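Chemist: Following this message is one structure expressed as structure tokens.
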Amino acid sequence: MINKRFYYNYKTLILFYLFLFSVSSPVFAVIGLPDNTTRYGAALGVSQMSVTEPDGSNPDKEQMIPLTLIATDWLPYGNRYWLEYVNGKAAYESSEVIVGQNVHYTALRAIVQRHINVSNQIKPWFGIGVVVSRATFETRHTKADDGFLIQKFDDRVSHSLGLIINATIDFKIEKNWYAGFKAEQTFNPNVSVDTRGAGLFFLYLYP
């Protein structure tokens, strides 16, 4: 039942992305917004992963996020949407109390951001949205200080539907090219993984 529910959430969010991409230009043209404002890009960043481990403990783990896919476009009243696909991995070293494991985390994020004019040069965006994520935990085990295996645990899978807050700021660096920085924090109650991170991103405006 849980897997079917989260499969439905993934499917619904993916369909929402496709719908948003397909209708954004004509809809924005009707309401008076430019029809060529959609920007696509990617980010490179770092993230700190917090894992709730039922069979032991795990410290927070820093990880590189080598690729985050991004799409963003205007919404009415000074807002915009910010969509992300995140794919990250982390490896935990085992001990007598820490469960060693390989964690693979993927997430789809849909955020609505508000433009804040701090000054003429600094104009950040702040947003809140939903995140649908899936995490797999493999080769789970504990071992003694001398390296001998203490216990092996079954692999497990975690699905979650949570909240995310983020902040971004971007600057035009070339015709149709933008660069910026982002930071975010996810909140997934009663599930196994939370992340917080920051990164550098590049966006391209298709003419």
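Chemist: From Pro59, Pro76, Pro66, Pro54, which residue is of a type outside the set (Asp, Glu), surrounded by fewer than 15 Cβ atoms within 10 Å (Cβ to Cβ) and at pLDDT 85 or above?
Modeler: Testing whether each residue is of a type outside the set (Asp, Glu), surrounded by fewer than 15 Cβ atoms within 10 Å (Cβ to Cβ) and at pLDDT 85 or above leaves just Pro76.
Chemist: Go through the range 119-164 and report how many residues are of a type in the set (A, V, I, L, M) and over 30 Å from Ala179 (Cα atoms).
Modeler: 4
Chemist: Is it fair to say Arg109 is part of a strand (DSSP E or B), of a type outside the set (Phe, Trp, Tyr), surrounded by 17 or more Cβ atoms within 10 Å (Cβ to Cβ) and touching a His at 6+ places or on another chain (Cβ under 8 Å)?
Modeler: No: the conditions fail for Arg109.
Chemist: I need a count of the residues in the range 138-155 that are in a strand (DSSP E or B) and either modelled with pLDDT under 90 or not basic (Lys, Arg) (or both).
Modeler: The number of residues fulfilling the criteria is 8.
Chemist: Turning to a different aspect of this structure: Where residues in the range 186-207 are surrounded by 15 or more Cβ atoms within 10 Å (Cβ to Cβ) and touching a Lys or Arg at 6+ places or on another chain (Cβ under 9 Å), which of them is nearest to Val131 (Cα to Cα)?
Modeler: Thr186
Chemist: When you go through Ala144, Ala110, Ala167 one by one, which is the residue that is in contact (Cβ under 8 Å) with a residue 60 or more places away in the chain, in contact with a strand residue (DSSP E or B) (Cβ under 7 Å, 6 or more places away or on another chain) and hydrophobic (A, V, I, L, M, F, W, C)?
Modeler: So the residue among Ala144, Ala110, Ala167 that is in contact (Cβ under 8 Å) with a residue 60 or more places away in the chain, in contact with a strand residue (DSSP E or B) (Cβ under 7 Å, 6 or more places away or on another chain) and hydrophobic (A, V, I, L, M, F, W, C) is Ala110.
Chemist: Please state which one of Lys123, Lys182, Lys172 is assigned to a strand (DSSP E or B), surrounded by 13 or more Cβ atoms within 10 Å (Cβ to Cβ) and either out of contact with any helix residue (DSSP H, G or I) (no Cβ under 6 Å at 6 or more places or on another chain) or among the basic types (Lys, Arg) (or both).
Modeler: Lys182
Chemist: Quick check on my filter: what residues within the range 89-101 are surrounded by 14 or more Cβ atoms within 10 Å (Cβ to Cβ) and part of a strand (DSSP E or B)?
Modeler: Correct list: Lys89, Ala90, Tyr92, Ile98, Gly100, Gln101.
Chemist: Further question on the same structure: When you go through Leu161, Leu149 one by one, which is the residue that is within 26 Å of Tyr81 (Cβ to Cβ), among the hydrophobic types (A, V, I, L, M, F, W, C) and either surrounded by 16 or more Cβ atoms within 10 Å (Cβ to Cβ) or free of Cβ contacts under 8 Å to residues at least 12 places away in the same chain (or both)?
Modeler: Matching residue, one of Leu161, Leu149: Leu161.
Chemist: Looking only at the range 185-207, which residues are touching a residue at least 40 places away in the same chain (Cβ under 8 Å), part of a strand (DSSP E or B) and not hydroxyl-bearing (Ser, Thr, Tyr)?
Modeler: Val193, Asp194, Arg196, Gly197, Ala198, Gly199, Leu200, Phe201, Phe202, Leu203, Leu205
Chemist: Out of Val27, Val23, Val46, Val86, which single residue is surrounded by fewer than 18 Cβ atoms within 10 Å (Cβ to Cβ), at pLDDT 90 or above and farther than 22 Å from Ile173 by Cα?
Modeler: The conditions single out Val46.
The values are calculated or read from the model by the stated rules, or taken from the named source; none is laboratory data. Everything numeric in this text was worked out from a predicted model, so none of it was measured. No Cβ is skipped: glycine too gets one built from the backbone with ideal geometry, and neighbour counts run over all protein chains shown.
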